[in-house]
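Q: One structure follows; several queries about it will come next.
The values are calculated or read from the model by the stated rules, or taken from the named source; none is laboratory data. This one's a predicted model, so the numbers in the text were calculated from it and none came from an experiment. Cβ coordinates were reconstructed from backbone atoms using ideal geometry, including for glycine residues, and neighbour counts include every protein chain displayed. The protein model used for the area step is the full one, side chains on, heavy atoms only, and it has no ligands, DNA or RNA in it. Shrake-Rupley method; radii C 1.70, N 1.55, O 1.52, S 1.80 Å.
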Amino acid sequence: MIKKTLLIFSMALMVISGKGQTSAEKYMFDGAFPVMLDSLQAEMTYPLAWGNSDIKEFGLWRSTARAKLNEEMLTPPLPARSYDMKVVATEKRKGYTARKIEFNLTRYSRVLAYELIPDGKGPHPAVLLLHDHGGHFSIGKEKMIRPFGVPDSVMKDADNWSGVCYGKQFVGDYLASNGYVVLCTDAPFWGDRGVKGGSTGDMYKYVAGNFMLIGRNLSAWMNFEDVYAADFMAQLPEVDANRLGCMGHSMGAYRAWMLSALSDKIKVGVAICWMHTAKYQLNKEYGLKKHEEWANLIPGIRRYLDYPHIASIACPKPMMFINGRDDKLFPPISVTSAYKTMHDVWDSQGAGDRLYTEIMDMGHWCGSEVQAKALAFLNKWL
């Protein structure tokens, strides 16, 4: 009788309070989404974004936002004490020379890179190329510059990948034939810098988790190394440091606008097929339903800045962003939103003519037509 009375009393309280739930929640996640996703995203107000921040002087905002970004990227790798660059091999190509070089990128890593140098008297304008992800880890720098002096399997791999993403045209060789010094290294986990025994997507997640346990962020480590690579390139005698740009596709595009935001050595940036907003990146209707990519994950910065806000730290530099209308990774609704955010920033600084954005009728792609647009942009500003 007592139990029955208590049950009736509890039900009456639920009716009075308007609560229809009769038990504790049975789950916290609906598939890969937290059930409170909408509420959590509503709390992401990006208080440090230009226009949201209390800082009204753009130069001060820019330095403050960059400092916060650096802070959230966690501890950077120690820079190399000296580059100690050595030329390993050379190959003459039509209008330029390909060099395979080694140099100390950080205190921990000596890397192999490809450099292309145009014929004629320098110093020349230059582009640091940043390779893609593609879930394809066996090569990195070879995705952007045609390799030489490598096993047939590597050459075949590079040729095949140039067809997958680049219209069978190596971006680096295309730029070098048009007068640019070009450099490309492997990002951590790709090519020569992969996992002993072979790199896989699952292993990348484990490596990223282990980096966190030692107070580092693997994604940010890649960005820091890109900054160091730009520093290295700027001091090469064949490079005009006042005409140094960067370019990348997919993950390389993410790296390109991150580098443009982080380094004043970079004067112009070109990003092909990577611009988004967090709202649509993790969204029940648009974007990826299961975010499993650690190569662009710097969690703490999301408390302050979204992707286009970070890219806007590069303002007033000339920047090009091209995305594909049929790109399943970056839905146009998200890209358009990000583009508007960036245009508002560049326009606010009287630099609207320096920001070029376009959504082309294509998928996730950086073929010859896209490369031609990028070259024209680089020629205009470098």
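Q: I want to confirm something. Restricting to region 324-361 and keeping residues that are open to solvent by less than 20 Å² (accessible area, probe 1.4 Å) and assigned to a loop (DSSP other than H, G, I, E, B), which single residue is farthest from Gly167 (Cα to Cα)?
A: Filtering first and then ranking leaves Ala351.
Q: Give region 121-136 a look and list any residue that's within 30 Å of Arg243 (Cα to Cα) and outside any strand (DSSP E or B), or say none.
A: Matches in region 121-136: Lys121, Gly122, Pro123, His131, Asp132, His133, Gly134.
Q: Still on this model: Where the second residue is in a helix (DSSP H, G or I) and the first is open to solvent by 60 Å² or more (accessible area, probe 1.4 Å) and lies in region 63-84, which pairs have Cβ atoms under 7 Å and are six or more apart or on separate chains?
A: Listed by first residue and then by second, the contacts come to Leu74/Ala220; Pro79/Tyr228; Tyr83/Phe232.
Matching residues to (1) in contact (Cβ under 8 Å) with a residue 60 or more places away in the chain; (2) closer than 18 Å to Met44 by Cβ; (3) of a type in the set (Gly, Ala, Ser):
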| site | (1), (2), (3) |
| --- | --- |
| Trp294 | yes, no, no |
| Gly300 | yes, yes, yes |
| Pro308 | no, yes, no |
| Lys317 | no, no, no |
| Gly324 | no, no, yes |
| Asp353 | no, no, no |
| Ser368 | yes, no, yes |
| Gln371 | yes, no, no |
| Ala374 | yes, no, yes |
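Q: Just checking, how many residues over region 122-177 are at negative phi, open to solvent by 50 Å² or more (accessible area, probe 1.4 Å) and of a type in the set (Lys, Arg)?
A: 2
Q: Being in contact with a Ser or Thr (Cβ under 9 Å, 6 or more places away or on another chain) and not aromatic (Phe, Trp, Tyr) is the requirement here; does Arg93 meet it?
A: yes
Q: Report yes if some residue within region 179-192 is open to solvent by 30 Å² or more (accessible area, probe 1.4 Å), farther than 26 Å from Leu382 by Cα and small (Gly, Ala, Ser); otherwise report no.
A: Checking region 179-192: not a single residue is open to solvent by 30 Å² or more (accessible area, probe 1.4 Å), farther than 26 Å from Leu382 by Cα and small (Gly, Ala, Ser).
Q: Here is a list of conditions, (1) at pLDDT 95 or above; (2) assigned to a helix (DSSP H, G or I), and Ile139 meets all of them except one; can you say which number that is?
A: So the condition that Ile139 fails would be (2).
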